[in-house]
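To start, the structure itself, in structure tokens.
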Amino acid sequence: MNKFDLTNMEVAQILEDFLKGDGGKWDWDDFTLGMSFANPLLESIRKRCANLGKEFPPSNPNEYCNEEGRDVIRDYIKQLGASN
């Protein structure tokens, strides 16, 4: 699998779009399942996000994860914004 070379801000935007529901239909699946990053920080974020639904199961079946899981994503957005 090719390693993607996105910036921290590009990944933060993917996460933000997901939280806001602004991303494309398959953007989240592409990020969590279809990408791999050479940058170890971004790769660890991707892997964690891929499992948030299991780690923080949603109470609503139409959601990916519960509020605690969304807080994890918000923390990543802050971390990625601060690391540029």
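What follows draws every value from the coordinates through simple rules; no lab data is involved. Only a predicted model underlies this, so the values are computations on that prediction, with no experimental measurement involved.
On a full-extension model of 0.36 nm per residue, what is the gain between Ala50 and Glu63, subtracting their alpha-carbon distance, rounded to one decimal in nm? Before the final figure, lay out the partial values.
Values: separation 13, 0.36 × 13 = 4.68 nm, distance 1.37 nm.
Stretched fully, the Ala50-Glu63 segment lengthens by 3.3 nm.
Springs between alpha-carbon pairs under 10 angstrom, Gaussian network model over the chain: which of Asn51, Asn60, Asn39 fluctuates most?
For the chain, modelled as a Gaussian network with Cα springs under 10 Å, the answer is Asn60.
Run a plain Debye calculation on the chain (Cα atoms as equal point scatterers, no solvent) and give log10 I(q)/I(0) at q = 0.16 Å⁻¹, rounded to two decimals, same order as the q list.
-0.57
Quick one: which residues, 5 or more positions from Phe4 or on another chain, have an amide H under 5 Å from its amide H? H modelled 1.01 Å from N in the peptide plane, none for Pro or chain starts.
Here Ser36, Phe37, Ala38 satisfy the definition.
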